[in-house]
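A.B. asks: Next up is a structure, given as structure tokens.
The values are calculated or read from the model by the stated rules, or taken from the named source; none is laboratory data. All of these numbers come straight from a predicted model, not from anything done at the bench. So basically every Cβ, Gly included, is an ideal-geometry build from the backbone, and we count neighbours across all protein chains shown.
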Amino acid sequence: MNHEVSPADYKDLVLFLATAGIVAPLFKRLRINPILGFLLAGVILGPFGLGRLIPIAPWLDYVTVDNPDEIAQLAEFGVVFLLFMIGLELSWERLRLLRKYVFGLGAAQVIGCSLALGAVAMMLGQTPVAALAIGSALTLSSTAIAVPVLAERKRLHAEGGRATFSVLLFQDLAVAPILITLAILGRGHGEFDARGLLALLPAAMGLGVIVLVGRLALRPMMRSVAKAKSEEMFMAACLLVIISAGLVSSLSGLSMALGAFVAGVLLAETEYRHEVEVKIEPFKGLLLSLFFVSLGIRLDLSLLVASPVLVLGTAVGLVVVKAVMVFGLGRLFGLSNRASGEAALALAAGGEFAFVLLANAMDAEVVEPAVGQAVLVAATLTMFLIPVLTGVGARLGRKAPAETTEAPDGVDLSVEEPKGRVLVVGFGRVGRLVGEMLDRHDLPWIAIDRDPRLVEQGRRAGHRVYFGDAARVELLERCGLDHARAVVVTMDGPEAAEAVVAAARGHRPDLTIVARARDARHAARLYELGATDAVPETIEASLQLSEAVLVDIGVPMGLVIASIHERRDEYRKVLNRPDALGGRRRRLRDAG
């Protein structure tokens, strides 16, 4: 029996899509971070916003969210996809280089802030176990908000941004141990039960399974899907990797986001990382927007009216205590004053995992529901401040003298290839030869190709070759188009070459673009699309034959090279001349 479709079943979905369609462009036009817009929209559309006015105006039921719990469950995937994308930006080697900040500064921040905030909670009358639960929940900051804001302001790879990301990464790693610790302390009204430590074993086994399977099966699976040359199947494979890793992590007692992060790190070492980034980016953006809306929906403003001193005092105290602690720890770990200040402001607010920890603490009767709800409202209010605090920190960091993207310990989280490289699009015989010539002149380069077989061959030869469709400017950006010195298009397909030239020129008007052309007519078309130089195969073959025969019959080499260059310049002028189309076509016919 088929289920009858009711418009009410899709009301929440339609409300969210309408919100996304209105909030994002409106707030961008106003030059306000859209995150604030989604949070505010959640407050308005939630049961504690317009929902409270339904008894007075029943028609408001049509513009309020009915099932916030269902939305929150789906919205959690926003954080999962975000952590996966962050993992794609890293590698095991980069994580090793960041160990000082991740396991040093990050661990110190979690422990120090938990104890400091817990001590404040105890002074306000909470039991030691309840104080520890509140302190642990509030010490965690918002990865979902802070990281996108830092990336938008291009501060993620600065000294303060690296420190912020490292601390956020350790916080994500610490969620499961904190949950287990709270469960152990909460059992028996605060009595410690060492048997609870065995709960850490499944978590370690789960991570081991993700890493082992990822190392053995991830690249072969992606290669097999890429050979099918199906956009849909490739996207399905990407989603399978993220959700599978998240589920394994969740079943092991860890967060789904952490499992997705590990999967991203594993994929970062493969040739498919940039294509995966392009495929997943729309999902991440949409789900993150839903996540911010869901946070706003949970904000019960009535608690702010009922207990303004408690809620606002908790919010202010949280920001102050965390900012002071992070600044001091940053200086202790060798960060500059400005970088420490930037990290302190970015990490000062509460985070999304506070909902998870406090919900568990309230269910276990460790924290009283009234206190827990008030603390959650305070944490949510501080999350509204993250874009503002991060913006102030970014301006503070940019004022640092002799600013550099290198951290004091040499860790660089930026792109894996150096700036000023050359992008070689197409890695067949022509592309390989271009790469060899660039190597002879010590010029850095990377290559892109749609054929997984050519990509695999290039990787085995030790070259930096990535799988993907270079006709999409998003992929070119992921490969470093913004800082590229030149783009060389070596593809033999005329339409594909034209698409790449058009995409690159549209994004970078100042870029040097050299493209391979099939013939003179194709070269003229590439010039029209913005190529700096188009090299027709037929003309170049004729010039090389002419050079060989002239040298072989005794004409001096210098005269031959000069005449070849002169003739090549004449062809280039003919192909580039903005004359009438008919005249251009006649010259093209004459040119061969």
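A.B. asks: Which of the residues spanning region 252-277 are closer than 15 Å to GLU76 by Cβ and in a helix (DSSP H, G or I)?
C.D. replies: Passing the criteria: MET256, ALA257, LEU258, GLY259, ALA260, PHE261.
A.B. asks: Any idea which of ASP492, ASP451, ASP442 is over 22 Å from LYS227 (Cα atoms) and over 24 Å from the mean Cα position of the chain (by Cα)?
C.D. replies: Going through ASP492, ASP451, ASP442 in turn, just one is over 22 Å from LYS227 (Cα atoms) and over 24 Å from the mean Cα position of the chain (by Cα): ASP442.
A.B. asks: Would you be able to tell me the number of residues in region 500-517 that are crowded, with 17+ Cβ neighbours inside 10 Å and either in contact with an Asp or Glu (Cβ under 6 Å, 6 or more places away or on another chain) or not in a loop (DSSP other than H, G, I, E, B) (or both)?
C.D. replies: So the count comes out to 11.
A.B. asks: Still on this structure, I have one more. Sort out which residues of region 133-155 are surrounded by fewer than 21 Cβ atoms within 10 Å (Cβ to Cβ) and either in contact (Cβ under 8 Å) with a residue 12 or more places away in the chain or assigned to a helix (DSSP H, G or I) (or both), and write them in order of number.
C.D. replies: ALA151, GLU152, ARG153
A.B. asks: Would you pick out the residues in region 156-170 that are more than 12 Å from the chain's Cα centre (by Cα) and surrounded by fewer than 24 Cβ atoms within 10 Å (Cβ to Cβ)?
C.D. replies: Matches in region 156-170: HIS157, PHE170.
A.B. asks: Part of a helix (DSSP H, G or I), among the polar types (S, T, N, Q) and modelled with pLDDT of 85 or more - does that describe any residue in region 174-190?
C.D. replies: No: zero hits.
A.B. asks: A further question on this structure: Checking the structure you have, find out if any residue of region 445-468 is in contact with a His (Cβ under 6 Å, 6 or more places away or on another chain) and closer than 21 Å to GLU275 by Cα.
C.D. replies: Yes, that holds for at least one residue.
A.B. asks: Moving on to the next point. Taking region 350-369 as the region of interest, how many residues are of a type in the set (Gly, Ala, Ser), under 21 Å from THR143 (Cα atoms) and surrounded by fewer than 24 Cβ atoms within 10 Å (Cβ to Cβ)?
C.D. replies: Qualifying residue count for the region: 1.
A.B. asks: Checking VAL276 against (1) farther than 28 Å from VAL425 by Cβ; (2) in contact (Cβ under 8 Å) with a residue 24 or more places away in the chain, which single condition isn't satisfied?
C.D. replies: (1)
A.B. asks: Also: Which of (1) among the aliphatic types (A, V, I, L, M); (2) over 30 Å from ALA20 (Cβ atoms); (3) without any contact (Cβ under 8 Å) to a residue 12 or more places away in the chain is the odd one out, the single condition LEU240 does not satisfy?
C.D. replies: (2)
A.B. asks: Further, regarding this structure: Name every residue in region 452-484 that is crowded, with 16+ Cβ neighbours inside 10 Å and part of a loop (DSSP other than H, G, I, E, B), in order of residue number.
C.D. replies: Within region 452-484, HIS463, ARG464, GLY468, ASP469, ALA470, ALA471, CYS479, GLY480, ALA484 meet the criteria.
A.B. asks: Kindly indicate the residue of region 114-132 that is within 13 Å of VAL375 (Cβ to Cβ) and in contact (Cβ under 8 Å) with a residue 60 or more places away in the chain and also surrounded by the fewest Cβ atoms within 10 Å (Cβ to Cβ) among those meeting that condition.
C.D. replies: Among those residues, the one meeting the criterion is VAL120.
A.B. asks: Taking the criterion of being modelled with pLDDT under 90 and either under 18 Å from LEU529 (Cα atoms) or buried (at least 22 other Cβ atoms within 10 Å of the Cβ) (or both), would at least one residue in region 406-413 satisfy it?
C.D. replies: Among the residues of region 406-413, at least one is modelled with pLDDT under 90 and either under 18 Å from LEU529 (Cα atoms) or buried (at least 22 other Cβ atoms within 10 Å of the Cβ) (or both), which makes the answer yes.
A.B. asks: In region 93-116, which residue that is farther than 24 Å from VAL319 by Cβ and assigned to a helix (DSSP H, G or I) is modelled with the highest pLDDT?
C.D. replies: The selected residue is PHE103.
Residues are listed down the side, and each one gets a yes or a no for (1) modelled with pLDDT under 75; (2) surrounded by 12 or more Cβ atoms within 10 Å (Cβ to Cβ):
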position: ASP12; (1), (2): no, yes
position: THR19; (1), (2): no, yes
position: LYS28; (1), (2): no, yes
position: GLY37; (1), (2): no, yes
position: VAL43; (1), (2): no, yes
position: GLY51; (1), (2): no, yes
position: TRP59; (1), (2): no, no
position: VAL79; (1), (2): no, yes
position: SER91; (1), (2): yes, yes
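A.B. asks: Considering region 307-322 alone, what residues qualify as being crowded, with 22+ Cβ neighbours inside 10 Å and either among the hydrophobic types (A, V, I, L, M, F, W, C) or without any contact (Cβ under 8 Å) to a residue 40 or more places away in the chain (or both)?
C.D. replies: Listed by number, the residues that qualify are VAL311, ALA315, LEU318.
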